[in-house]
Amino acid sequence: MRKLHSIGILGGTFDPVHFGHLRAALEIQEQLRFNDMRLIPNKQPPHRDMPLASAIDRIEMLKLALIGTSFKIDSREMERNTPSYTVDTLMTLRDENPTASLCLIVALDAFLKLPTWHEWEKIIQLANIVVVPRSGWTMPTVGLMADFLVKHSLADPEHLCSFTAGKIVQQKTTALDISATQIRALIQTGHSPRFLLPNNVIEYINDKALYDPARSKS
Ligand code: ATP
(Lines give C-alpha, C1' and ligand atoms only; values in the text may rest on other atoms or scores of the structure.)
Protein backbone atom coordinates (compact mmCIF):
# COMPACT_ATOMS: atom_id res chain seq x y z
CA MET A 1 0.00 0.00 0.00
CA ARG A 2 1.28 3.46 -0.87
CA LYS A 3 2.22 5.58 2.14
CA LEU A 4 0.79 9.09 1.98
CA HIS A 5 2.34 12.23 3.36
CA SER A 6 1.48 11.81 7.04
CA ILE A 7 0.91 14.28 9.84
CA GLY A 8 0.77 13.22 13.50
CA ILE A 9 -1.27 15.59 15.67
CA LEU A 10 -1.16 15.75 19.46
CA GLY A 11 -3.51 18.38 20.81
CA GLY A 12 -3.71 19.39 24.42
CA THR A 13 -3.63 22.12 26.98
CA PHE A 14 0.02 21.51 27.88
CA ASP A 15 -0.38 23.37 31.18
CA PRO A 16 2.50 22.40 31.46
CA VAL A 17 3.87 19.95 28.86
CA HIS A 18 5.37 16.89 30.59
CA PHE A 19 7.14 13.60 29.89
CA GLY A 20 3.79 11.77 29.52
CA HIS A 21 3.05 13.87 26.42
CA LEU A 22 6.60 13.86 25.11
CA ARG A 23 7.32 10.16 25.51
CA ALA A 24 4.00 9.17 23.91
CA ALA A 25 4.66 11.52 20.96
CA LEU A 26 8.19 10.18 20.50
CA GLU A 27 7.21 6.51 20.67
CA ILE A 28 4.32 7.00 18.25
CA GLN A 29 6.55 8.92 15.86
CA GLU A 30 9.08 6.06 15.94
CA GLN A 31 6.38 3.43 15.41
CA LEU A 32 4.39 5.14 12.66
CA ARG A 33 7.08 7.34 11.10
CA PHE A 34 4.97 10.40 10.30
CA ASN A 35 6.51 12.93 7.93
CA ASP A 36 5.45 15.64 10.31
CA MET A 37 4.59 15.56 14.01
CA ARG A 38 2.74 18.56 15.43
CA LEU A 39 1.80 19.52 18.95
CA ILE A 40 -1.23 21.80 18.90
CA PRO A 41 -1.86 23.72 22.12
CA ASN A 42 -5.43 24.84 22.63
CA LYS A 43 -6.48 28.33 23.59
CA GLN A 44 -9.97 27.88 24.98
CA PRO A 45 -10.42 24.20 25.85
CA PRO A 46 -14.15 23.50 25.46
CA HIS A 47 -14.45 20.86 28.20
CA ARG A 48 -12.52 22.32 31.08
CA ASP A 49 -11.51 25.40 33.04
CA MET A 50 -9.23 27.87 31.34
CA PRO A 51 -5.56 26.91 31.70
CA LEU A 52 -3.63 28.54 34.55
CA ALA A 53 -0.68 29.47 32.34
CA SER A 54 -1.23 31.94 29.51
CA ALA A 55 -1.17 30.87 25.87
CA ILE A 56 2.23 32.54 25.46
CA ASP A 57 3.71 30.73 28.46
CA ARG A 58 2.35 27.36 27.33
CA ILE A 59 3.88 27.87 23.89
CA GLU A 60 7.20 28.94 25.42
CA MET A 61 7.24 25.80 27.59
CA LEU A 62 6.52 23.66 24.52
CA LYS A 63 9.36 25.36 22.62
CA LEU A 64 11.77 24.56 25.44
CA ALA A 65 10.56 20.96 25.71
CA LEU A 66 10.92 20.35 21.97
CA ILE A 67 14.49 21.63 21.61
CA GLY A 68 16.49 19.02 19.71
CA THR A 69 13.42 17.19 18.35
CA SER A 70 11.87 17.41 14.89
CA PHE A 71 8.41 18.02 16.39
CA LYS A 72 6.67 21.25 15.47
CA ILE A 73 4.35 23.52 17.41
CA ASP A 74 1.24 24.39 15.43
CA SER A 75 -0.34 27.47 16.97
CA ARG A 76 -3.49 27.65 14.86
CA GLU A 77 -5.82 27.18 17.85
CA MET A 78 -4.08 30.02 19.66
CA GLU A 79 -4.73 32.28 16.68
CA ARG A 80 -8.48 31.64 16.65
CA ASN A 81 -10.79 33.51 18.97
CA THR A 82 -13.26 30.66 19.12
CA PRO A 83 -13.33 27.58 21.37
CA SER A 84 -10.60 25.11 20.38
CA TYR A 85 -12.79 22.48 18.77
CA THR A 86 -10.68 19.66 17.34
CA VAL A 87 -13.11 19.29 14.44
CA ASP A 88 -12.40 22.89 13.33
CA THR A 89 -8.65 22.34 13.63
CA LEU A 90 -8.85 19.18 11.55
CA MET A 91 -10.96 20.94 8.93
CA THR A 92 -8.30 23.61 8.41
CA LEU A 93 -5.55 20.98 8.36
CA ARG A 94 -7.54 19.00 5.79
CA ASP A 95 -8.02 22.10 3.60
CA GLU A 96 -4.27 22.66 3.64
CA ASN A 97 -3.41 18.97 3.13
CA PRO A 98 -6.17 17.45 1.00
CA THR A 99 -4.39 14.15 0.33
CA ALA A 100 -2.40 13.69 3.55
CA SER A 101 -2.90 11.03 6.17
CA LEU A 102 -3.95 13.05 9.23
CA CYS A 103 -3.41 11.04 12.42
CA LEU A 104 -4.87 12.40 15.64
CA ILE A 105 -3.12 10.99 18.71
CA VAL A 106 -5.30 10.72 21.80
CA ALA A 107 -4.65 8.97 25.07
CA LEU A 108 -7.30 6.53 26.24
CA ASP A 109 -8.85 8.95 28.75
CA ALA A 110 -9.47 11.45 25.96
CA PHE A 111 -10.63 8.77 23.51
CA LEU A 112 -13.34 7.58 25.93
CA LYS A 113 -14.64 11.14 26.22
CA LEU A 114 -14.74 11.65 22.45
CA PRO A 115 -18.57 11.57 22.24
CA THR A 116 -18.64 14.73 24.36
CA TRP A 117 -16.51 16.60 21.79
CA HIS A 118 -18.14 19.06 19.38
CA GLU A 119 -19.32 17.26 16.22
CA TRP A 120 -17.31 14.24 17.29
CA GLU A 121 -18.55 11.97 14.52
CA LYS A 122 -16.94 14.24 11.93
CA ILE A 123 -13.51 13.71 13.48
CA ILE A 124 -13.11 10.21 12.07
CA GLN A 125 -14.13 11.50 8.64
CA LEU A 126 -11.32 14.04 8.78
CA ALA A 127 -8.54 12.01 10.41
CA ASN A 128 -7.33 8.65 11.61
CA ILE A 129 -7.09 8.17 15.36
CA VAL A 130 -4.13 6.69 17.22
CA VAL A 131 -5.11 5.62 20.74
CA VAL A 132 -2.32 5.39 23.32
CA PRO A 133 -2.62 3.98 26.85
CA ARG A 134 -3.17 6.15 29.90
CA SER A 135 -2.63 4.79 33.42
CA GLY A 136 -5.89 3.94 35.12
CA TRP A 137 -7.95 3.58 31.94
CA THR A 138 -8.90 0.42 30.04
CA MET A 139 -10.17 -0.13 26.53
CA PRO A 140 -13.96 -0.46 26.37
CA THR A 141 -15.31 -3.88 25.41
CA VAL A 142 -19.01 -2.93 25.26
CA GLY A 143 -20.95 0.21 24.45
CA LEU A 144 -20.66 3.13 22.05
CA MET A 145 -16.87 3.42 21.99
CA ALA A 146 -16.33 -0.33 21.74
CA ASP A 147 -18.62 -0.35 18.67
CA PHE A 148 -16.86 2.72 17.26
CA LEU A 149 -13.52 0.92 17.67
CA VAL A 150 -14.69 -2.24 15.96
CA LYS A 151 -16.16 -0.23 13.08
CA HIS A 152 -12.98 1.73 12.38
CA SER A 153 -10.19 -0.55 13.64
CA LEU A 154 -7.30 -1.18 11.31
CA ALA A 155 -5.59 -4.49 12.05
CA ASP A 156 -2.13 -3.52 10.81
CA PRO A 157 -0.93 -0.12 12.08
CA GLU A 158 1.85 -0.25 9.49
CA HIS A 159 -0.80 0.68 6.92
CA LEU A 160 -2.32 3.60 8.83
CA CYS A 161 -0.50 6.23 6.80
CA SER A 162 -1.97 4.82 3.60
CA PHE A 163 -5.37 6.16 4.69
CA THR A 164 -6.29 9.84 4.68
CA ALA A 165 -8.83 9.29 7.50
CA GLY A 166 -11.34 6.84 8.94
CA LYS A 167 -9.12 4.30 10.72
CA ILE A 168 -8.29 3.71 14.36
CA VAL A 169 -5.19 1.95 15.69
CA GLN A 170 -4.19 1.23 19.25
CA GLN A 171 -0.48 1.64 19.86
CA LYS A 172 1.49 0.57 22.92
CA THR A 173 3.56 3.28 24.56
CA THR A 174 5.29 3.39 27.91
CA ALA A 175 2.56 4.26 30.41
CA LEU A 176 3.82 7.18 32.46
CA ASP A 177 1.45 8.07 35.24
CA ILE A 178 2.02 11.81 34.94
CA SER A 179 -0.56 14.56 34.53
CA ALA A 180 -0.33 18.33 34.31
CA THR A 181 -2.87 18.48 37.16
CA GLN A 182 -0.47 16.53 39.39
CA ILE A 183 2.43 18.81 38.42
CA ARG A 184 0.46 21.99 39.16
CA ALA A 185 -0.65 20.54 42.49
CA LEU A 186 2.92 19.62 43.46
CA ILE A 187 4.13 23.15 42.74
CA GLN A 188 1.17 24.75 44.48
CA THR A 189 1.89 22.74 47.61
CA GLY A 190 5.62 23.49 47.60
CA HIS A 191 6.80 20.10 46.29
CA SER A 192 9.25 19.44 43.51
CA PRO A 193 7.98 18.41 40.05
CA ARG A 194 11.49 17.30 39.07
CA PHE A 195 11.78 14.20 36.82
CA LEU A 196 8.18 14.58 35.63
CA LEU A 197 8.98 17.19 32.98
CA PRO A 198 12.09 18.67 31.35
CA ASN A 199 14.40 20.72 33.55
CA ASN A 200 14.32 23.72 31.21
CA VAL A 201 10.51 23.79 31.52
CA ILE A 202 10.80 23.66 35.33
CA GLU A 203 13.24 26.59 35.20
CA TYR A 204 10.77 28.57 33.08
CA ILE A 205 7.94 27.79 35.53
CA ASN A 206 10.09 28.86 38.46
CA ASP A 207 11.32 32.06 36.78
CA LYS A 208 7.76 33.15 36.02
CA ALA A 209 6.24 31.70 39.21
CA LEU A 210 3.62 30.17 36.92
CA TYR A 211 1.77 27.88 39.29
CA ASP A 212 2.42 29.64 42.57
CA PRO A 213 -0.61 29.51 44.89
CA ALA A 214 -0.99 33.29 44.73
CA ARG A 215 -1.65 33.06 40.98
CA SER A 216 -3.96 30.08 41.25
CA LYS A 217 -7.66 30.67 40.58
CA SER A 218 -8.78 28.00 43.02
P1 ATP B 1 -4.52 17.96 32.89
O2 ATP B 1 -4.01 17.12 34.02
O3 ATP B 1 -4.35 19.45 33.08
O4 ATP B 1 -5.91 17.58 32.45
P5 ATP B 1 -3.00 16.35 31.00
O6 ATP B 1 -1.76 15.95 31.72
O7 ATP B 1 -4.08 15.31 30.84
O8 ATP B 1 -3.57 17.69 31.61
P9 ATP B 1 -3.38 17.50 28.38
O10 ATP B 1 -2.60 18.66 27.86
O11 ATP B 1 -4.79 17.77 28.73
O12 ATP B 1 -2.54 16.88 29.60
O13 ATP B 1 -3.29 16.26 27.39
C14 ATP B 1 -3.12 16.34 26.00
C15 ATP B 1 -3.16 14.93 25.43
O16 ATP B 1 -2.07 14.17 25.97
C17 ATP B 1 -4.44 14.14 25.77
O18 ATP B 1 -4.73 13.27 24.69
C19 ATP B 1 -4.01 13.37 26.98
O20 ATP B 1 -4.82 12.23 27.18
C21 ATP B 1 -2.57 13.01 26.61
N22 ATP B 1 -1.76 12.74 27.79
C23 ATP B 1 -1.63 13.51 28.87
N24 ATP B 1 -0.85 12.94 29.79
C25 ATP B 1 -0.45 11.75 29.26
C26 ATP B 1 0.36 10.68 29.75
N27 ATP B 1 0.90 10.69 30.96
N28 ATP B 1 0.54 9.61 28.93
C29 ATP B 1 -0.03 9.58 27.70
N30 ATP B 1 -0.81 10.56 27.21
C31 ATP B 1 -1.03 11.63 27.97
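The table below gives the values:
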| read-out | value |
| --- | --- |
| Within the chain, helix-based [θ] at 222 nm, where runs of 4 or more DSSP H residues each add -39,500 (n - 2.57), nearest 500 | -10500 deg cm²/dmol |
| Calculated FRET efficiency for the pair Ala55/Ala155, C-beta based, R₀ 30 Å, to 0.05 | 0.15 |
| Computed accessible area, Ser135, all protein chains, 1.4 angstrom probe, square angstrom | 40 Å² |
| Computed over segment 6-177: relative contact order in percent, which uses C-alpha pairs under 8 Å that are six or more apart | 25 percent |
| Length released on extending from Lys113 to Asp147, taking residue separation times 0.36 nm less the Cα-Cα span | 10.8 nm |
| Prolate/oblate/rounded label for segment 1-146 (Cα gyration tensor, a/c 1.5) | rounded |
| Rounded to 10°, Cα long-axis angle of helix 19-32 versus longest principal axis of the chain | 20 degrees |
| Mean Cβ count within 10 Å, highest first, over the residues of peptides 14-21, 61-68 | 14-21, 61-68 |
| Check: the chain dipole with +1 on Lys, Arg Cβ and -1 on Asp, Glu Cβ, in debye | 80 debye |
| Part-to-part distance (alpha-carbon centres) for segment 9-55 and segment 142-218, which is given in Å | 7 Å |
| Burial order of peptide ranges 151-161, 27-37 (average beta-carbon count within 10 Å, highest first) | 27-37, 151-161 |
| Kirkwood Rh and Cα Rg combined as Rg over Rh, evaluated for segment 139-218 | 1.20 |
| Carbon and sulfur %, accessible surface of the chain computed with the full protein complex present, 1.4 Å | 53 percent |
| Principal-axis tilt of helix 55-65 within the chain, Cα atoms, nearest 10 degrees | 80 degrees |
| Separation of the Ser70 and Glu96 label points, Cα + 7 Å toward Cβ, nm | 1.8 nm |
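The values are calculated or read from the model by the stated rules, or taken from the named source; none is laboratory data. Keep in mind it's a predicted model, so treat the numbers as computed, not measured. FYI the Cβ positions are ideal-geometry reconstructions off the backbone, even for glycines, and counts take in every protein chain you see. Surface areas here come from the heavy atoms of the whole protein model, side chains and all, with no ligands, DNA or RNA. Shrake-Rupley method; radii C 1.70, N 1.55, O 1.52, S 1.80 Å.
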